[in-house]
Amino acid sequence: MHGKDMTLEVRNLGKLYWPKNGKTPGGGIQPISFSLKPGTFFTLLGPSGCGKTTTLRCIAGLEQPDEGSLRLGETVFFDADTDALVPLNRRNIGMVFQSYAIWPHMTVFENVAFPLRVEKGVKRDKAQIARMVDVALTTVGLAGYASRSATQLSGGQQQRVALARAIVRQPGLLLLDEPLSNLDARLRDEMRNELKRLQKQIGITTVYVTHDQHEALEMSDVIAVINAGVLEQMGSPREIYDRPRNAFVASFMGGTNLLPARTEAAVAEDARQTVRLEAGQDVSVVFPYAVPAGRKIAVSVRPEAVQLAPVGTPLPAGWNELIGKVGTSGFLGNMMRYSIDLPTGRIEAHQPPDAGFAEGDAVSVRFAADKALGLIDQAA
Amino acid sequence: MSATQLAAPAETGAEARRPARRKAANWRGRGWRVRLPVFAVTTILALLVLPPLVILVRTSLTDYSAPGDDLTLYNFTSLFADPLLYVSAFNSVLFAALSTLLSLIIGAVVAWIVERSNAPFKRLAVLTTVISLGTPAILYVYAWVFLLGRAGPVNATWRWLTGTRDNLVDIYSIPGMVLVEGFLWVPLVFLLCSATFKRQNADLEEAARMSGANVFDTVLRVSLPMAKPALLGLALFIFIRNIEAFDVPVLLGTPGGIKLLTSDVYLAMTRVPPDLGHSSAFAVIMILLVSVLLYFYGRVSRSADRYASVTGKGFRPRPFDLGRYRWVGGAIILLNFLLVLAAPLSAILWNSVTPFVRPFSIAALSNLSVGNYTQVLTDPYYLDMALNTVIVATAAATVAVALTAVVAWFSVRNFPGSQALEHLVSLPIVLPGIVLGVAMIQIALRTPFGLYGTLWLIVIAFVIRYMPYGMRYAQPGVMQIHRELEEAAGIAGAGQAGIFRRVVFPLLSPALLAAWLFIFLLASKELSIAILLAGSNSKTIAVAMFDQWTNGQAGEVAALGMIWTVLMSCLAALMIWLTGKDKKSEGTL
Ligand SMILES: Nc1ncnc2c1ncn2[C@@H]1O[C@H](COP(=O)(O)OP(=O)(O)O)[C@@H](O)[C@H]1O
Ligand SMILES: [Mg+2]
């Protein structure tokens, strides 16, 4: 099954551990579909408990989906309708677990050689195994560690062993479940680049699970944002950051101010429209997607897009202005962080470090209309 | 593609659309490929465990004096009509309760001193335990008979001191039996209590000390209440074992005319002709009694888990400083060593080097001989017995451990169809040794091929009896293996058999080795089953000692016992060392 078109095709794949009820969302993942071209770095992103691991385990074959189908290239891994099922040990998938799952009774070499030794129907001689293990260990930067006991390695090294074991037999798909979450911050940054480099070098289709939006933005070709078992948006990192589909995606992709409002008339995609905030002011915002009339929306303004000025300062054309009072301020070194009390709620603003507003001052809060996004707010 | 369209929440449809059949599916596989091995193991367990129970119930309902195979309650009515039953039951309970109390007090106090104080001689307590675990119970009984008997040193000294002709102790009485049985269980109580005290978090005690309590207040108000559920569970466990006790009731009770439940079953079986119906009815009553006790034991030990106060890594209990009383602690350890080990062992040693039974005396020192040892070491009879014992114990330990390893793996990992396994494997706990022996005789008599009187019959009985013990090691062992280690092997391409062989078994092997040694030790000194099942060519060491003792060959019994004890103590030391290394399986004995 090598060489040919190795597209991963996921159709309406769903698995529910328990159904949704009034208060709690369902446990598991609602039907989800995507199709990954060979070599894609695909990320499942979402808060903890949203169903990322469930999705990944369904692809791996560790869980059996309730419905849908799953295909890698020509091979149908799973299809609920035809009852087709390839057991996990015949799927030729590489996976790195959150705990790394390094076998403590084996050396580094034995850990990495394991997939080569147990593969059904393929007999490899000692020299061939040694060569393949050596290639894998060199790829992950662990050449020379082969005879070490796996338990003597540091966290970062164990992570590399797990990776080497996952890629040693050149699988059709690589699955990574929060592989960096057990590392300290510095190592995590280093491994992030390393992983991305490696993935490009091998050119393997990769499904990556994380709850960290920075990781997702930096590494992925395609991101799927999941919330409570439901796919909220799928697209390139830039698309997801710049044109979030709804208020949840906007707030999950880095802090943002959400000002509640409601549409009066239906709004077309990419339209610029004036809406009335629940607090009463009118603001001009851009709608990246069409919204029907009478929908509850949130106006999303990132703190770095907000400017503060003394009241009465002239307003540039096409900008919105709200009047508030400085609540708290904090010096963060590279910037000042202000929290401004508005008549209803508060808004956060990041200003240059030399900004000098005192707590209690009345200020003009202003932002450009094309930096204010009108987004559907499902939470309400 | 349009994401919103795909993400349309399926609030109403999801539940209805989900095929229920797939709900329990498991990555281990589906269909007969996984079900067959589970089914095979279930069948083996059922074939081992169920027949003894069925046959006991059946024979207890058969009246052998009347023709026909109608089921009757005759055995039970005659049993309940006989006042002897109530006497035996009362004696059994009294004997078990007092012995439990004695061993618990000594064992717990010594364990606390060793684990939680800075008293000297701690290693002596461990040594005492190791050697005692390796010594067959019958040897202890024998030693105490010598020490506390009519002509023994204790009574002789007493007569000499007081000038009377009365004895201080009568070993063939309930108090005498309690003394011996109590000492017999001290090592195990010590081992299990040590595990409990080791787990106690010293922070809680230090908090009490900081609040102004002295050592004794702290122990009384904090340590003891914390250990109470665990100690209560232990007490129930030892009580059950004492109800089932065989050696002391038969060797001391019967000569003294004191009847207990176990010795009644034994007597009914060894009568000519054996009274199967009567002893089966007795056995069924014992099973019921033990089951009730086990039910309470289960409840108590579950609540004991809640009190375990281990708090993760780096946890190290700090010992109390006993100050001036340090030496009192040391003295208690020393006393324990003298009573539980030194006194009985030196009695056996003395007997093994004197040509005929005689009290300790200076005069006798002049004609010590190693004749008994040369006799034991050169007589092919003893060599055969030793060989039998090694074969039986090795086979039983190997089969029981192999079975429970697989059973534990299936049931902990929830293999499809594995629900019954855990219950089946722990069912034999309700069978006291002598009861299992009675059942196995009847099974052997009904098998067409000549199972009766062979070693294999004993092996099968031991496997049944010790499977629950194996499970106590294997189950926590499997639980300790992170499930992702197995999942990773599956993803890497291994099938279930490969996962077990290459990942589970190697990781489980320290626990399995400890289990193997523990079962080997128990099986090689077990008397109650072996004595009922042994044919003339299938005797084990314990049975041989019993026989030789009743024949008056005390010297040879002693020499044999010394040799055997030395060998077994080495195994016991290995086992304790292994369980100590494997922190989580501590106290799972
Ligand atoms: N084996 C299981 N049985 C029941 N519920 C589960 C199981 N695995 C996960 N869940 C539930 O499904 C939801 C999604 O879990 P998971 O996919 O692990 O989330 P995450 O996005 O953090 O990886 C959670 O609410 C979790 O409690
Ligand atoms: Mg997860």
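Among the residues making up segment A:171-227, those that are of a type in the set (Gly, Ala, Ser) and within 16 Å of ligand 1 (Cβ to nearest atom) are A:181, A:216, A:224. When the test is whether a residue is in contact with a strand residue (DSSP E or B) (Cβ under 9 Å, 6 or more places away or on another chain), within 8 Å of ligand 1 (Cβ to nearest atom), open to solvent by less than 20 Å² (accessible area, probe 1.4 Å) and over 29 Å from residue A:197 (Cβ atoms), residue A:49 does not pass it. Name the residues in segment A:110-152 that are of a type in the set (Phe, Trp, Tyr) and closer than 21 Å to residue A:194 by Cβ, would you? Passing the criteria: only A:145. Among the residues of segment B:59-84, those identified as assigned to a helix (DSSP H, G or I), free of Cβ contacts under 8 Å to residues at least 12 places away in the same chain and closer than 29 Å to residue B:429 by Cβ are B:77, B:80. Evaluation of residue A:203 against the conditions (1) out of contact with any Pro (no Cβ under 9 Å at 6 or more places or on another chain); (2) surrounded by fewer than 17 Cβ atoms within 10 Å (Cβ to Cβ) shows that the sole unmet condition is (1).
Pairing each residue of segment B:432-451 that is touching a residue at least 12 places away in the same chain (Cβ under 8 Å) with any residue that is of a type in the set (D, E, K, R) and surrounded by fewer than 18 Cβ atoms within 10 Å (Cβ to Cβ), provided the two are 6+ apart or on different chains, yields C-beta distances under 9 Å for B:442/B:58. Within segment A:25-40, the set of residues being part of a strand (DSSP E or B), of a type in the set (Gly, Ala, Ser) and closer than 25 Å to residue A:192 by Cβ is empty. Can you name the condition, by its number, that residue B:480 falls short on among (1) touching a residue at least 12 places away in the same chain (Cβ under 8 Å); (2) within 14 Å of chain A (Cβ to nearest Cβ); (3) open to solvent by less than 10 Å² (accessible area, probe 1.4 Å)? Single failed check for residue B:480: (3). Kindly check whether there is at least one residue in segment B:426-437 that is modelled with pLDDT under 90, farther than 16 Å from residue B:534 by Cα and more than 26 Å from the chain's Cα centre (by Cα). Checked against the condition, which is being modelled with pLDDT under 90, farther than 16 Å from residue B:534 by Cα and more than 26 Å from the chain's Cα centre (by Cα), segment B:426-437 yields no hits at all. Within segment B:17-34, the set of residues being open to solvent by 80 Å² or more (accessible area, probe 1.4 Å), modelled with pLDDT of 60 or more and facing another protein chain (nearest Cβ under 8 Å) comprises B:30 only. What residue, among those in segment A:77-106 that are assigned to a strand (DSSP E or B) and over 24 Å from the mean Cα position of the chain (by Cα), is nearest to the other protein chains (Cβ to nearest Cβ)? Taking the candidates together, the pick is A:85.
You will find that of A:170, A:159, the residue that is touching a residue at least 24 places away in the same chain (Cβ under 8 Å), open to solvent by 40 Å² or more (accessible area, probe 1.4 Å) and more than 16 Å from ligand 2 (Cβ to nearest atom) is A:170 and no other.
Only one of the listed residues (B:155, B:167) is open to solvent by less than 30 Å² (accessible area, probe 1.4 Å) and over 21 Å from the mean Cα position of the chain (by Cα). That residue is B:155. Residues that are in contact (Cβ under 8 Å) with a residue 24 or more places away in the chain and either within 7 Å of chain A (Cβ to nearest Cβ) or not charged (D, E, K, R) (or both) were ranked within segment B:483-494; the one that is surrounded by the fewest Cβ atoms within 10 Å (Cβ to Cβ) is B:487. The requirement of being closer than 21 Å to residue B:26 by Cα, modelled with pLDDT under 95 and open to solvent by 20 Å² or more (accessible area, probe 1.4 Å) is not satisfied by residue A:74. Residue A:98 meets all of the listed conditions (1) away from ligand 1 (no atom under 15 Å from the Cβ); (2) open to solvent by 10 Å² or more (accessible area, probe 1.4 Å); (3) touching a residue at least 60 places away in the same chain (Cβ under 8 Å) but one, namely (1).
Count of segment B:392-432 residues, restricted to those that are within 15 Å of residue B:464 (Cα to Cα) and open to solvent by less than 10 Å² (accessible area, probe 1.4 Å), is 13. Residues of segment B:263-280 that are closer than 15 Å to residue B:441 by Cα and open to solvent by less than 40 Å² (accessible area, probe 1.4 Å): B:265, B:266, B:268, B:269, B:276, B:277, B:278, B:279, B:280.
Of all residues in segment A:146-156, exactly one satisfies the criterion of being within 14 Å of chain B (Cβ to nearest Cβ) and open to solvent by 40 Å² or more (accessible area, probe 1.4 Å), namely A:151. Listed by position, the helices (runs of 4 or more DSSP H) contained in segment B:487-589 that have at least 3 residues being more than 18 Å from residue B:433 (Cβ to Cβ) are B:496-499, B:505-525, B:541-550, B:554-581. Beta carbons closer than 7 Å, at least 6 apart along the sequence or on distinct chains, pair a first residue in segment A:186-209 that is more than 22 Å from residue A:36 (Cβ to Cβ) and away from every other protein chain (no Cβ under 14 Å) with a second that is in a loop (DSSP other than H, G, I, E, B) and within 16 Å of ligand 1 (Cβ to nearest atom) for A:188/A:180; A:191/A:180. When residue B:272 is tested against (1) part of a loop (DSSP other than H, G, I, E, B); (2) touching a residue at least 60 places away in the same chain (Cβ under 8 Å), exactly one condition is not met: (2). With the requirement that a residue be within 12 Å of ligand 2 (Cβ to nearest atom), within 14 Å of another protein chain (Cβ to nearest Cβ) and either outside any loop (DSSP other than H, G, I, E, B) or among the small types (Gly, Ala, Ser) (or both), what does segment A:41-76 give you? Within segment A:41-76, A:44, A:45, A:46, A:51, A:53, A:54, A:55, A:56, A:57 qualify. Among the criteria (1) at pLDDT 90 or above; (2) open to solvent by less than 40 Å² (accessible area, probe 1.4 Å), the one residue B:556 does not fulfil is (1).
Within segment A:11-25, none of the residues are within 12 Å of ligand 2 (Cβ to nearest atom), surrounded by 20 or more Cβ atoms within 10 Å (Cβ to Cβ) and touching a residue at least 40 places away in the same chain (Cβ under 8 Å).
The values are calculated or read from the model by the stated rules, or taken from the named source; none is laboratory data. Every value quoted in this text rests on a predicted model; they were computed, and no experiment measured them. A quick note on method: Cβ atoms are made from the backbone with ideal geometry, for glycine too, and the neighbour counts reach across all protein chains shown. Please note that ligands, DNA and RNA were not included when accessible areas were found on the heavy atoms of the full protein model with its side chains. Shrake-Rupley method; radii C 1.70, N 1.55, O 1.52, S 1.80 Å.
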